[in-house]
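K.L.:
I am attaching a structure below and will ask some questions about it afterwards.
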Amino acid sequence: MESYRFIINQPFDRGAVVGGFGYIEYNGPSPMWNIKGVNRWSIRLYTDGIVVHPDQYWGVELNGEGEYITIELFTDSHYTTEIPEGRYVISKEEVPYHANMGQGGWGYNFGTWYYDLGDNQAPAVSGEVNVGRNGDDYTVAFQLIDDRGNTIQSDYTGPLQYWDSYNTSS
């Protein structure tokens, strides 16, 4: 078994968004007809060397080095501008304070996934994500297990840029 520990440096802004930064993305209520009162969120964390385009379906340029993770969380429906503090457990359940396990596969992934630009990707199948907040800074710490038993862990403290995918017209 391997362990992946990725380091996210403090965020910075170079015009084109590059390196050591993160987003919180509001995805709106669950589209499932039988799930009520739950909002979907993504936390996206990137290391230095990553170039991302949120307005182009979160396209990542594959001409560099780096790692990133997408964590899909579920909250109560009244949270639309921030993610509440707490412990989110990886599972398949779309209920508040759970994080969606990594599902799908090459070409269509959803849930919680780790990627590096060296062609590795890993779905989180168990573990937890802890979210804290102090003013404009979030703390996101996670320890996850992928489908091959590898540990994926990291922590980030700093601002996360808010992105509203639900209320943004295309």
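K.L.:
Could you sort ARG87, ARG44 by accessible area so the largest value comes first, with the probe set to 1.4 Å?
P.N.:
Highest to lowest solvent-accessible surface, that is ARG87, ARG44.
K.L.:
Let me ask something else. Would you mind counting up the charge near ILE90? Only other residues with Cβ under 13 Å from its Cβ, with Lys and Arg at +1 and Asp and Glu at -1.
P.N.:
Result for the local shell: -4.
K.L.:
Could you provide, to the nearest whole Å², the per residue accessible area of region 79-163 with probe 1.4 Å?
P.N.:
Using a 1.4 Å probe on heavy atoms only, each residue of region 79-163 averages 49 Å².
K.L.:
Of the accessible area of region 98-170, with the probe set at 1.4 angstrom, what percent is carbon plus sulfur?
P.N.:
44 percent
The values are calculated or read from the model by the stated rules, or taken from the named source; none is laboratory data. Computed from a predicted structure; not experimentally measured. Positions of Cβ are generated from backbone atoms using ideal geometry, with glycine treated the same way; all protein chains shown enter the neighbour counts. Calculation scope for accessible area: heavy atoms of the full protein, side chains included, ligands and nucleic acids excluded. Shrake-Rupley method; radii C 1.70, N 1.55, O 1.52, S 1.80 Å.
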